[in-house]
Each structure stands twice: as structure tokens, then as C-alpha cells.
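Peer 1: One structure, as C-alpha cells, below. Some questions next.
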Amino acid sequence: MNPNDLLKPLRGMYLAQLRERSESVAAFLRHCRGGRVRDDERDVMLRQAHKLAGSGTTYGFPLITQTARALEEALGDPASEPAVLIPLTESLLHTCEQVLLSVERGAEGSLAGVGDPSAADLRPVLLNADDDPMIRELVQALFKDDFRVVTAHDGAEALHLVAEHKPHLILLDEIMPGMTGIEVLEKMRADESLRDIPVVMLTAKAQSSDVVRAVSAGAVDYIAKPFDPAELATKVRALLRRSGKTVLVADDDPAIRDLLAYKFRLAGLRVITAPDGEEALRQAALHRPDLAILDRMMPGLDGVAVLQQLRANPETRALPVVFLTAMRQERDILEGFRLGVADYVIKPFLPEEVLARGLRLLGLGAEAA
Amino acid sequence: MAQELKRILCVDDEEDILQVAKLSLEMVGGFEVSLCHGSRDAVSEAAAFRPDLILLDVMMPEMDGPMTFARLRESEAGAAIPVVFMTAKVQPAEVKHYLDLGAIGVVSKPFDPMTLSQQIQEMWNAR
């Protein structure tokens, strides 16, 4: 049994409770921002934080437990001031809202996993069609960390799964009983929605006739059996980077640049980075990314200035931009939207949120599949 | 005391903890579970349900876990029923404190619903 079977029936109740507790957290945040916190208000928040911490991980939200615990500890010190409590409360509120938002959007059918960075499945999908169970196992083992691997035993099942999962890449055995790999490819080519999915053919031999056959049918690459697993892994990753989309991450904080670059790369995208506004514009013109994540406040040319120049240039006018900003005043947010930003993420952010919003704008999110 | 562990009474002031504990102990552990929301009715519930073991939350309003434990020990029905405490605070000193009080074990919150039954079973076997 998996935790999901256990937790699904309790989902409604837990979420209703979470909604109520979130409001309590929001109310406390307002008190803190008012400058002074009464003892009774502090006690209420302490109890709520304790309860949130005590149930978060159990229900599959370790991040709720983590952020609630941090706040609980701070509140445990009666001398702790609003200045310390505010960021911790914001963090907890943000986490709770994230969970509620994700579940309401139906992003994941399961309760367990949302809000847990390691479990959210934003990995690209790899479909492997092969009648040989050892090959299927090998592929699963090779790629399970970077991809969500889906397997088919024959051509018919492969076509069915392609339509269902819209994989980012397909590893297709050429020789299978019933429908051959070539036939699968031909069927895919005939379907507009499936035509562009890159396919690597696993051929029985490496003779030129086999290669020609595979490539004419539409495979973007091939590898002969028996293959070197390392070679296959290299081919697959290179392919995904080439055929995938490109995202530009511009932030003067190298830690944020690295973190977001890592997240987007792990999701199968190509990433270019820039440490400031000028470099961001140069990269955008050079590489024509499909998406830009811009820090709003950078020294020199800031996010707003970059956005304005992107919009002024017909070549980059349509580039969707996501702002990362600590400014949460309504008027700043509205200004951003007026200038044409596609989405906003408020700092401190969860990298998964940036990734999710970015993928959605690229039409690559779970909902778009 | 070579008995089998079959019936568990859970006492906690939080509904969501009670529900997940019940499902977890029933579905994963195969136990028969009764729930008691809050400490007030713990003693009467123990008398009515006659559990083999009581899972008792520490932090409860009005009467907390240790006090409820004391009341159980004073009662006829609850005098000999093994108790496992459930608490968010699990420093070794605290665990020792609860064991000194007479509990057979301590489960930390938040607990993993997939391993709760095993934890309790192990405490039962070792008692």
C-alpha cells in the first residue's frame, strides 16, 4: 500500500483544517505588521504552529512541518519580536497557500507529495517501448532520476501511452512483435500532435540500411543493440537539451541563479543565465529564449528596465517574463503587469513554484500535458 | 503478559491526527481502533472499549497526556493498560521522563502513517 491510499479519504478534512489554520496565520501576520503582538495572540499562533507542525509531514507536507516548527521555536521565546516573527510567519503562510493552491488546481491527484519538493513530479517524461524486459529495466534504472519513465511492451501499447502521456522523448525498439518500431513512428508522424516528439530508435544492427530506415521514418537518432548504457544516457540528455525549450535566468544573486538553473535543467530545459540587466538583454537577443525569469531589483539595468526594452524590440516582444521580487505592494505588482510581465513570484520563493509557473507559461506544465 | 495486540484506543484533541492514526492503524496494522477526541472521556472510553493499548497525546488542553495517564492508572479499567505517548517534543530527556512515568514508549509527531503500526507493535513486543 502507498501513503496515497491511506490519505486520500482524509484529504478533504485536512485541507478544510489547513484553510482555517492558514487564516489564523494570516491574521497573526497582520498583528505582527501592526508592530506589536499581544500575549494571547502569540499563544494562539503558537498553538496553531504546533498543530501544523504536528500533522504536516504525516499528511505528506514536510515543508509545512518545517516552516511551522521554525515559527513555533521563535514564538517559544517570549522576547521574540515582530521583526523576527514576520519572515517566519510569511514563510509558513506561503507554504500553506502553496499547498492549498496546488491541490485546488488539481495539479496532483495525490495528497502526498504536494509541497514536498522531492516528490513533485515535474520531470520530463520518457517513454520506452521494448519487448525485452531486461532492456526496459535497464532504461528504467538509467533514467529514473532525471525522467519519469513510462514503459510499453509493444507497438500498440506504445501508441496508446504516447497519446496519454505526451512524452518529451521516446526510446523505441525497432523489432517488436506485432507492430514494429518503424510502424509506430509512421503512425506518429501522421498525427500532428505527436509528430514533433523526438524518437531514438534502438536498432538491431548498425548497418547503414537500418540507420537510413530509422531516420527516414522520422527518428532523430538511433543506437544499436547491444548498446553502451553511458552512450545512450549521453545521447538522450543531449537530445532533450537540444529539442527542449530555453529559459533565461537573470539575477544578481549567484545562489538564486544557480538554484533556478539547476531546477530548470533537471526539468529538461536548456538554461542560460545572466548576472545583470545588460547581460540579460544580450543573452535574450543572442539565444532567443522561450522564457525569461528576471529579478526585478538588480543593480544597473533593473528588471523593469529590461522588460521595457524586451517589449520595445519586436524580436523579443512576445517573450514571456516572470519577475522575482521582494516587493509585494499592490501598486508595484500592477505596474509590472501593466508593463507586460507574465507572472510574479514573491521572494522568498519556493524554487518549485518558479519552475511550475515557468513550465506553465511554456505550455510544458502537468496541466498542459 | 504474552498477549496479542489487537485493540488500540487513540486519545488526542486533534481530529486530523485521530483520523489518520485510525486509518493507519487499521489499514496498515490491522488493529481494531477506537478514537477519543480530547482527554475528558478517556477513562470512560477505556472502560467501554477495553483496549489492549492506549495511544495518548501529550499536549491536550484541560487535562494533558500525563495527567490523563494518572487518571487512567487510578481507574479500575485503565490501571493495567499499557500506554504509548505521542508528542512533538522527543528529546531523549523527555522520552526518559515519559518512560519513567510508566509509558511503554513514545511516538513522535508528526508520525509517518506507514510505519506507525510497526512502531507501536515493537513497543508492545518489548514491554
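The values are calculated or read from the model by the stated rules, or taken from the named source; none is laboratory data. None of these values were measured; they are calculated from a predicted model. In this analysis, Cβ positions are derived from the backbone assuming ideal geometry, glycine residues included, and neighbour counts consider all displayed protein chains. Keep in mind that these areas ignore ligands, DNA and RNA; they rest on the heavy atoms of the full protein, side chains included. Shrake-Rupley method; radii C 1.70, N 1.55, O 1.52, S 1.80 Å.
Peer 1: Do we find a residue being closer than 30 Å to residue A:198 by Cα and without any contact (Cβ under 8 Å) to a residue 12 or more places away in the chain anywhere in the stretch A:217-228?
Peer 2: Checked against the condition, which is being closer than 30 Å to residue A:198 by Cα and without any contact (Cβ under 8 Å) to a residue 12 or more places away in the chain, the stretch A:217-228 yields at least one hit.
Peer 1: Just one of B:32, B:14 is in contact with an Asp or Glu (Cβ under 8 Å, 6 or more places away or on another chain) and under 21 Å from residue A:60 (Cβ atoms); which is it?
Peer 2: So the residue among B:32, B:14 that is in contact with an Asp or Glu (Cβ under 8 Å, 6 or more places away or on another chain) and under 21 Å from residue A:60 (Cβ atoms) is B:14.
Peer 1: Filter the stretch A:46-61 down to the residues that are more than 8 Å from every other protein chain (Cβ to nearest Cβ) and assigned to a helix (DSSP H, G or I) and list them by number.
Peer 2: Across the stretch A:46-61, the qualifying residues are A:46, A:47, A:48, A:49, A:52.
Peer 1: Does the stretch B:63-77 contain at least one residue that is within 14 Å of chain A (Cβ to nearest Cβ), under 26 Å from residue A:48 (Cα atoms) and surrounded by 19 or more Cβ atoms within 10 Å (Cβ to Cβ)?
Peer 2: The answer is yes; a qualifying residue exists.
Peer 1: Same structure, new question: Is it true that some residue in the stretch B:39-52 is within 14 Å of another protein chain (Cβ to nearest Cβ), under 30 Å from residue A:43 (Cβ atoms), crowded, with 18+ Cβ neighbours inside 10 Å and within 14 Å of the chain's Cα centre (by Cα)?
Peer 2: No.
Peer 1: Suppose we filter the stretch B:100-123 for residues that are open to solvent by less than 10 Å² (accessible area, probe 1.4 Å), away from every other protein chain (no Cβ under 14 Å) and in a helix (DSSP H, G or I); how many remain?
Peer 2: Qualifying residue count, the stretch B:100-123: 1.
Peer 1: Something else about it: Please state which of the following conditions residue B:28 fails to meet, knowing it meets all the rest: (1) more than 14 Å from chain A (Cβ to nearest Cβ); (2) open to solvent by 10 Å² or more (accessible area, probe 1.4 Å); (3) over 16 Å from residue B:88 (Cβ atoms).
Peer 2: Going through the list (1) more than 14 Å from chain A (Cβ to nearest Cβ); (2) open to solvent by 10 Å² or more (accessible area, probe 1.4 Å); (3) over 16 Å from residue B:88 (Cβ atoms), residue B:28 breaks only (1).
Residues are listed down the side, and each one gets a yes or a no for (1) at pLDDT below 85; (2) in contact with a Lys or Arg (Cβ under 8 Å, 6 or more places away or on another chain); (3) open to solvent by less than 10 Å² (accessible area, probe 1.4 Å); (4) acidic (Asp, Glu):
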{"residue": "A:276", "(1), (2), (3), (4)": "no, no, no, yes"}
{"residue": "A:287", "(1), (2), (3), (4)": "yes, no, no, no"}
{"residue": "A:296", "(1), (2), (3), (4)": "no, no, no, no"}
{"residue": "A:310", "(1), (2), (3), (4)": "no, yes, yes, no"}
{"residue": "A:320", "(1), (2), (3), (4)": "no, no, no, no"}
{"residue": "A:325", "(1), (2), (3), (4)": "no, yes, yes, no"}
{"residue": "A:331", "(1), (2), (3), (4)": "yes, no, no, no"}
{"residue": "A:335", "(1), (2), (3), (4)": "yes, no, no, yes"}
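Peer 1: Here's a follow-up. When residue B:2 is evaluated against the numbered criteria (1) at pLDDT below 90; (2) within 15 Å of residue B:119 (Cα to Cα); (3) away from every other protein chain (no Cβ under 14 Å), which criterion, by number, is the only one it fails?
Peer 2: Exception for residue B:2: condition (2).
Peer 1: From A:36, A:11, A:30, grab the single residue that is modelled with pLDDT of 90 or more, of a type in the set (Lys, Arg) and at negative phi.
Peer 2: So the residue among A:36, A:11, A:30 that is modelled with pLDDT of 90 or more, of a type in the set (Lys, Arg) and at negative phi is A:30.
Peer 1: Quick check on the stretch B:11-23. Is at least one of its residues assigned to a loop (DSSP other than H, G, I, E, B) and away from chain A (no Cβ under 14 Å)?
Peer 2: no
Peer 1: Residues A:305, A:285, A:292, A:318: which one is out of contact with any Phe, Trp or Tyr (no Cβ under 9 Å at 6 or more places or on another chain), outside any helix (DSSP H, G or I) and in contact (Cβ under 8 Å) with a residue 24 or more places away in the chain?
Peer 2: Result: A:292 is the single residue among A:305, A:285, A:292, A:318 that is out of contact with any Phe, Trp or Tyr (no Cβ under 9 Å at 6 or more places or on another chain), outside any helix (DSSP H, G or I) and in contact (Cβ under 8 Å) with a residue 24 or more places away in the chain.
Peer 1: Which one is surrounded by the fewest Cβ atoms within 10 Å (Cβ to Cβ) among residues in the stretch A:18-69 that are basic (Lys, Arg) and under 24 Å from residue A:3 (Cα atoms)?
Peer 2: Once the filter is applied, the top-ranked residue is A:19.
Peer 1: Given the conditions (1) in contact with a Leu (Cβ under 6 Å, 6 or more places away or on another chain); (2) modelled with pLDDT of 85 or more, and given that residue A:218 satisfies all but one, which numbered condition is not satisfied?
Peer 2: (2)
Peer 1: Moving on. Somewhere in the stretch A:256-269, is a residue among the small types (Gly, Ala, Ser), surrounded by fewer than 16 Cβ atoms within 10 Å (Cβ to Cβ) and closer than 27 Å to residue A:345 by Cα?
Peer 2: No, because not a single residue in the stretch A:256-269 is among the small types (Gly, Ala, Ser), surrounded by fewer than 16 Cβ atoms within 10 Å (Cβ to Cβ) and closer than 27 Å to residue A:345 by Cα.
Peer 1: Now, a different point. Kindly establish whether residue A:78 is touching a residue at least 40 places away in the same chain (Cβ under 8 Å) and surrounded by fewer than 23 Cβ atoms within 10 Å (Cβ to Cβ).
Peer 2: For residue A:78, the condition - touching a residue at least 40 places away in the same chain (Cβ under 8 Å) and surrounded by fewer than 23 Cβ atoms within 10 Å (Cβ to Cβ) - is not met.
Peer 1: Check residue A:137 against each of (1) at pLDDT 55 or above; (2) surrounded by fewer than 17 Cβ atoms within 10 Å (Cβ to Cβ); (3) closer than 27 Å to residue A:10 by Cβ and name the one condition it does not meet.
Peer 2: Only one criterion in (1) at pLDDT 55 or above; (2) surrounded by fewer than 17 Cβ atoms within 10 Å (Cβ to Cβ); (3) closer than 27 Å to residue A:10 by Cβ is unmet by residue A:137, namely (3).
Peer 1: Of all residues in the stretch B:53-62, how many are within 8 Å of the chain's Cα centre (by Cα) and either more than 13 Å from chain A (Cβ to nearest Cβ) or open to solvent by 20 Å² or more (accessible area, probe 1.4 Å) (or both)?
Peer 2: Looking only at that region, the number is 4.
Peer 1: Is it the case that the stretch A:14-36 has a residue that's at the interface with chain B (Cβ under 8 Å from one of its Cβ atoms) and part of a helix (DSSP H, G or I)?
Peer 2: yes
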